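Have a look at the structure below, then the notes.
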Amino acid sequence: MLNYISYENNHQISMARKAKVKTLKCKKCGFSFEVNSQEDKDRRQKEWPFVAPMPDKDGNVTITQMATWKCDCGYTIRGSAGKTKGKFEGKSRKEQIADLLEKNEKFEIEIEANGMGAEKENLEKMLNFMIKKGMASGKIEDGFFIPN
Ligand SMILES: [Zn+2]
C-alpha cells in the first residue's frame, strides 16, 4: 500500500518527492524495519483498518491500515502500515449518516456502526460533532441516538 501524501501542503515538493518510507521499531529490543520490506512481510500478523471519524469536504475518509508484527525477540509491535483515502460502498460515510438521520428515528449507535463497517465510538464521535455543528438534531443517550 502506498503512503498517503498530502498534496495540500507544499505541492511542488511533494510532487517531486517519493512517498516517505515508514519505519517501525520494536520497543523491546530496538529492531527496526521498513514497511513493505521483506522483514515486514515475514513478521506481519494481524491487520485491520482504522477509519478516521470525520470525512473531508469531498466525503473521503482517511483509512489507516493498522497491523501487528511479531518481533524476533517475541514482542508484538503494533502500528500503522500506511494510509489511504477511500469512500464506502459508493456512498460516503457522511451520506450514510445523513440517510440515517433523515428517518428521524431513534437508533442504536453500535448496530448502525456495524452496518456501516465502522467502530461504534467513531460513529458516536461523528454524531456528537454533527449535533454540535447543528447538522443533526437530537441527543446521544445510553448508546442510542434520539432525534428531537
Ligand atoms: Zn524486538
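Computed from the coordinates by the stated procedures, all read-outs in this text should not be read as laboratory data. A quick note: this is a predicted structure, and the numbers were derived from the prediction, not measured. All Cβ positions, glycine included, derive from the backbone under ideal geometry; neighbour counts span all protein chains shown.
Fully extended, how many nm does the chain gain between Cys29 and Lys120 (0.36 nm per residue separation, minus their Cα-Cα distance)? Before the final figure, lay out the partial values.
Values: separation 91, 0.36 × 91 = 32.76 nm, distance 3.51 nm.
Value of the extension gain: 29.2 nm.
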Let me know the volume per residue of the alpha-carbon convex hull for region 11-86, in Å³.
-> 112 Å³
Using 0.36 nm per residue, how much length does the chain from Lys57 to Gln38 gain when fully extended, once their Cα-Cα distance is taken away?
-> 3.1 nm
Tell me, what HN-Hα J-couplings in whole Hz come from the Karplus equation 6.51 cos²θ - 1.76 cosθ + 1.60 at θ = phi - 60° for each residue of region 47-59, using x for Gly and Pro?
-> 9, 7, x, 10, 9, 4, x, 10, x, 7, 5, 8, x
Counting other beta carbons within 10 Å of each Cβ, put Arg44, Arg78, Arg93 in order, fewest first.
-> Arg78, Arg44, Arg93
Quick one: what are the phi-derived ³J(HN,Hα) couplings along region 131-139, Karplus 6.51/-1.76/1.60 with θ = phi - 60°, whole Hz, x for glycine and proline?
-> 5, 4, 7, x, 7, 9, 10, x, 9
